[in-house]
1. Can you tell me what share of the DSSP beta bridges in the chain is antiparallel? A percent to the nearest 5 is fine.
2. Could you work out the relative contact order of region 107-266, using alpha carbon pairs under 8 angstrom and six or more residues apart, expressed as a whole percent?
3. As a check on your grasp of the helix formula, calculate [θ] at 222 nm for the chain: sum -39500 (n - 2.57) over DSSP H runs of n ≥ 4, divide by the residue count, round to the nearest 500.
4. Distance cut-off 26 Å, Cα to Cα: go down the list K122/K214; K178/K214; K214/K259; K46/K95; K46/K165; K190/K259 and report the pairs above it.
5. State, as an integer percentage, the relative contact order of the chain based on alpha-carbon contacts under 8 Å between residues 6 or more apart.
6. Under 18 Å between alpha carbons, and skipping anything fewer than 8 positions from K192 in its own chain: which aspartates and glutamates qualify?
7. Would you work out which of P173, I158, V37 lies farthest towards the positive end of the dipole of the chain, given +1 charges on the beta-carbon of Lys and Arg and -1 on that of Asp and Glu, about the Cα centre?
8. Consider just the alpha-carbon atoms of region 33-84 and return their Rg together with their Dmax, both in angstrom.
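FYI, it's all coordinate maths here, none of it is from the lab. From a predicted model like this one, the values you see are computed outputs, not experimental measurements. Here the Cβ positions follow ideal geometry from the backbone for every residue, glycine too, while neighbour counts run over all protein chains shown.
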Amino acid sequence: MEIKKTHHYSVNRACKLIEAPRSIYYYQSVRNDAPVVDALQAHVAKHPTHGFPKTFAYIRRSGNAWNHKRVHRVYKDLLLNIRRKGKRRLPARVKEPIEQQNTFNQCWSIDFMQDSLFNGRKFRTFNVLDDFNREALAIEVDTSLPSSRVIRTLEQVISERGKPKEIRMDNGPEFISKEFELWCQENQIKLKYIQPGRPMQNGLIERFNGTYRKDVLDAYLFDELWQVRDLTDEFRQEYNNERPHESLNDLTPREWLLKCGQPSHAQASPALTTVQQPNNK
């Protein structure tokens, strides 16, 4: 007790001063709240949005007979009564190696990039790549690209080329949205999410992004979005029709389609572009 330590009083005198029995000094608690702590922490880790009533109901249903006063005391000691901002959690992602595709539209890779105009205004690009022949199917450019815009871009590509069996992507908010996942389910397109923080698992489009940034985004200063769109369209057409790829035996993506004997409608996408032409310059 503090009085005994500070004034060097005996236990008997210190207890008389505060009018307390000497047993209070010698008493040692035998209470063990470790099981309650473990149960609370386990439940909160799994259900971070539950308040105390719901948490206590779960604990009682699991077979524990602790009364609500004891559980609530430990609940407050753990500061679980303080409102917590829950972080949106991702389902477990499984590492899937990038496989060599046997034909077009087996698997597409999609990703976002970001840059800014000369005046500091930021814009984004949404890139779509066919893993089979490394063809840039679309590069959408705008200041805002929500999931609805992603769906619209993919629908435009599908209308010209057909739909893929799978799409590989990261865990961006546009890709994990309910709207996008529902659209893929309705179109029977399998979603292949890479593991968070592992962009190399989407290496094909990451390689394409590096080329696009070096040849366009980092090579020019842009005053208006239409300038980005015009140069992006030129880059995409050259990339698909004139640029040889070492992984394709120094053929272009379109030449690789011809060599592999793909249907003509898979080759007829020079007119496909998701960029928007301005009315005047």
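1. Of all bridge pairs located within the chain, approximately 70 percent are antiparallel.
2. Relative contact order, region 107-266: 23 percent.
3. The helix-only estimate for the chain comes to -11000 deg cm²/dmol at 222 nm.
4. As for pairs spanning more than 26 Å Cα to Cα, those are K178/K214; K214/K259; K46/K165; K190/K259.
5. With pairs under 8 Å counted, the relative contact order is 16 percent.
6. Excluding near neighbours in sequence, the set is E96, E99, D111, D130, D131, E166, D170, E174, E179, E181, E206.
7. V37
8. 9.7, 27
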